[in-house]
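Below you'll find the structure, written out as structure tokens, and then a few comments.
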Amino acid sequence: MLKRKIYDELLKWKNSAEHKSLLVKGARQVGKTFIIDLFGKQEFKSYIYLNFLKNESLKEIFNGSLEPDDIYAQISLRVNNVEFVENDTLIFFDEIQACPKARTALKFLSIDGRYRIIASGSLLGIKYKERDEESFSVPVGYEKDIEMFPLDFEEYLWARGVNDSAVFALKNYFLKREKVPDDINSLYMRYFKEYICVGGMPDVVNTFIATNNFQAVHEKQNEILQNYRDDIMHYAPNTMKQKITNCYNSIPAQFSKEYTKFQYSVIESKGTSKKYESAVDWLLDAGMVKKCINVSTPLFPLKGYEKPNEFKLYLTDTGLLTSMFGFNTQAAIMSDELKSTAKGGIFENAAFVCLMNRIKTLHYFKNSNNTQEIEFIFESISGTEVIPVEVKAKNGQTISLNNFIETFKPAVAYKVIDGNIGVSGKKFTIPFYMLLFAE
């Protein structure tokens, strides 16, 4: 069973004084249903599960009165063996995007407060198909939102049998700025390259742990990618289906460029923002990609210097990205034989995923005359410092990072490499796996 950090967030919500409903968002197949189901069974005396996609008749619970007593009565009529234990019952509305009125009901159930409510679903930010769309009210102020992602690298290490003590020992090397013994460094760089190829989708990770077979992993990833493309065909408006598909399919080409800024012309030769901007927004709302925006000036607060039309798109799962490139690319990563410009884009996406799970909001910096590019910058967790991160798939020169340090004088600047720890002034060179500790 995969250990997930979000379980601690669920416990924190359960033990809080607030009685807001919890809305767990995330792309399909990141493990939302599994972890909430486990949480309900382990932490509550009574657990009631409703899935609006598997059993469409459950939507009828919300066709009449939305008074809590009426809803609970309808649940007792339609779900077998339910027991309502005050202050010790969890009701889980799964795939809630399929039942808009259930989303509206969260307000009244939260006010009632006798039972805990978790809702979960995918594509929550996307309008329903026009023929199915219903008018409904989002319960602003009565629900707490959290977003769930694929396994991060630390969770992947746990799945591989690496315990907390080993991770803590790695962190000590990071904190002391000490070189990691070569054998240990090689082991964790191999784990990181595995993570680039396997990614963090629970079914894929479980497949790899059970079989140690990269071909089986690739087949499972292709199933997920096809499911995502099927979602586009099912949920997207008819006028947008092909545009969204084209946009999603262009991602490998976007990462094969020297400069990985998202370009509409890569989707098609005459592609424009007017034609494809809504397609990008759809993918963002679906949780299939994340955006990283350029800033004109890398100073705090970064939000104030954003250039919204200049951005990069990253997949939230590294394994799905490498699978889009094909199995031979994954094999080349594991054997250190990948030499093309795509290698830089792939490792950059992996760095983004690692940072995203810690920092949440990332930007990048490319100056107006295109002479300086820093792959990522972020505001430090503990203050107002802006921290630069330069990613090197190979250990090379860092002219842009050196200039950044000289001009903006950050407290620390990270150079991320397939190598070992090194320190030169404010420049702190770290292996990719130590992005676990960047802050």
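Things worth noting here:
- Under the shape rule built on the C-alpha gyration tensor, where the axes satisfy a ≥ b ≥ c, region 6-147 is rounded, since a/c falls short of 1.5.
- Separation of region 300-344 and region 368-412, taken as the distance between their Cα centroids, equals 18 angstrom.
- GNM result for the chain, Cα springs below 10 Å: residue of Glu390, Glu143, Glu18 fluctuating most strongly: Glu18
- Cα gyration tensor shape of the chain, rounded if a/c is under 1.5, else prolate or oblate by comparing a/b with b/c: prolate
- Nonlocal amide H pairs with Lys144, under 5 Å, H built at 1.01 Å: Ser21, Leu22, Leu23
- Using a simple spin-label model with pseudo-atoms 7 Å out from Cα toward Cβ, Arg160 and Ala210 lie 2.1 nm apart.
- Selected from Asn185, Asn294, Asn369 as most flexible by GNM, with the chain as the system and alpha-carbon contacts under 10 Å: Asn369
- For the chain, built as a Gaussian network whose Cα springs stay under 10 Å, the top-fluctuating residue of Leu106, Leu175, Leu355: Leu175
- Given Lys107/Lys144; Lys261/Lys303; Lys360/Lys392; Lys25/Lys291; Lys12/Lys41; Lys243/Lys360, the pairs whose alpha carbons are separated by over 20 Å: Lys360/Lys392; Lys243/Lys360
- Those chymotrypsin sites (Phe, Trp or Tyr not before Pro) in region 1-108 that DSSP places in a loop and that have at most 16 other beta carbons within 10 Å: Phe84
- Net charge contributed by nearby residues that have their C-beta within less than 12 Å of Val204 (K/R +1, D/E -1): -4
- Here's how it looks for Glu385: its modeled amide H is under 5 Å from those of Ser380, which are all 5 or more places away or on a different chain.
- Each peptide among 73-82, 195-204, 149-158, 325-334 gets the average number of other Cβ atoms lying within 10 Å of its residues, and from highest to lowest they stand as 195-204, 149-158, 325-334, 73-82.
- Helical segments meeting 24 Å axial Cα length and Kyte-Doolittle 0.0 threshold in the chain (DSSP H): 342-359
- Shape call, region 219-347: gyration tensor on alpha carbons, a/c limit 1.5: oblate
- Theoretical ellipticity at 222 nm over the chain - DSSP helices of four or more residues, -39500 (n - 2.57) apiece, nearest 500: -13000 deg cm²/dmol
- Across the chain, C-alpha contacts under 8 Å between residues 6 or more apart give a mean separation that, scaled by the residue count, equals a relative contact order of 14 percent.
- Long-range HN-HN contacts of Leu123 with modeled amide H, under 5 Å: Gly26
Only the coordinates and a few stated rules stand behind these numbers; no lab work does. Because the structure is predicted, anything quoted here is derived from the model rather than measured. When we count neighbours, we look across all protein chains shown, and the Cβ atoms used for this are built from the backbone with ideal geometry, even at glycine.
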